[in-house]
Amino acid sequence: MNRSAAYLISIAASLILVLWTGATAVSQQTSLHNKRLSGAPSSIPEIAIAGASAEELAVIRSGAERSIELFAQCGLEALDPIRVQVENDAIGVCGVDAFGAFDTKAQTIRLASTKACRAMAKTNPAYASLPFIKFYESIVVHEVAHQIFRSHIGERSVSLATHEYVAYALQITSLPPDVRQTFLKPLNTKPPADLSPFVDMVLLMSPETFGALAYAHFSEFGNGCRILTEIIEGKISFPSSEEFE
């Protein structure tokens, strides 16, 4: 992954996140296995939200706090302020309509409005059947997860699939159990025995399946926090597509 990367983009059609380089322009909470803390972060960083309606403001703040909480369950604090800019339309990058994007240079999450996201979600069966507000909140969890994860790995280069494994696993974990089941049931995925599915090619071919596999693997007993912390510490490296050629 190029260190000059400027954007991690959530593509509207599939909620896949792709890399855009500067050079080329909860009542029922889910706990993580092997958690180190009770789930409450020692401190909540500043969460600044601009351009949001009153409804959006509440949902975005809830999603950001939920993402922070999930990392805290693994003993990982949010290191930087969370800044979210809500925009009226889809986030457009190189002709692609996106739900949201984490701008790594500006350290700001750009998020499409609920109106724009609702219109985009209706075009994808994987998301159209989900309660929209819970889905929108989970997009925030996903984007904030990107920011927190990236702050912990610093300048170390990891695959796109590695970033997406973390963001999808936490996004799907954040969903209420009934909503999570609605999303997962049609995909009918089982926990993979190893990391071989988690390559960029699989992510690009079927992001929904990739996300479901990430959650299935992450939520297996003994994984969860262990996997997350070992990825951050560089003890786990995801395979590259070249290894399978």
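The values are calculated or read from the model by the stated rules, or taken from the named source; none is laboratory data. Fair warning: this is a prediction, and the values are worked out from it, not measured in the lab. Heads up, the Cβs are rebuilt from the backbone with ideal geometry, glycines too, and the neighbour counts pull from every protein chain shown.
Quick check on Lys190: is it basic (Lys, Arg), in a helix (DSSP H, G or I) and surrounded by fewer than 14 Cβ atoms within 10 Å (Cβ to Cβ)?
no
Please specify each residue of region 135-157 satisfying the condition of being surrounded by fewer than 19 Cβ atoms within 10 Å (Cβ to Cβ) and more than 17 Å from Ile82 (Cβ to Cβ).
Within region 135-157, Ile153, Gly154, Glu155, Arg156, Ser157 meet the criteria.
Here is a list of conditions, (1) within 17 Å of Asn223 (Cβ to Cβ); (2) in contact with a helix residue (DSSP H, G or I) (Cβ under 6 Å, 6 or more places away or on another chain), and Thr173 meets all of them except one; can you say which number that is?
Failing condition for Thr173: (2).
Quick check on Val84: is it hydrophobic (A, V, I, L, M, F, W, C), at pLDDT 95 or above and assigned to a strand (DSSP E or B)?
yes
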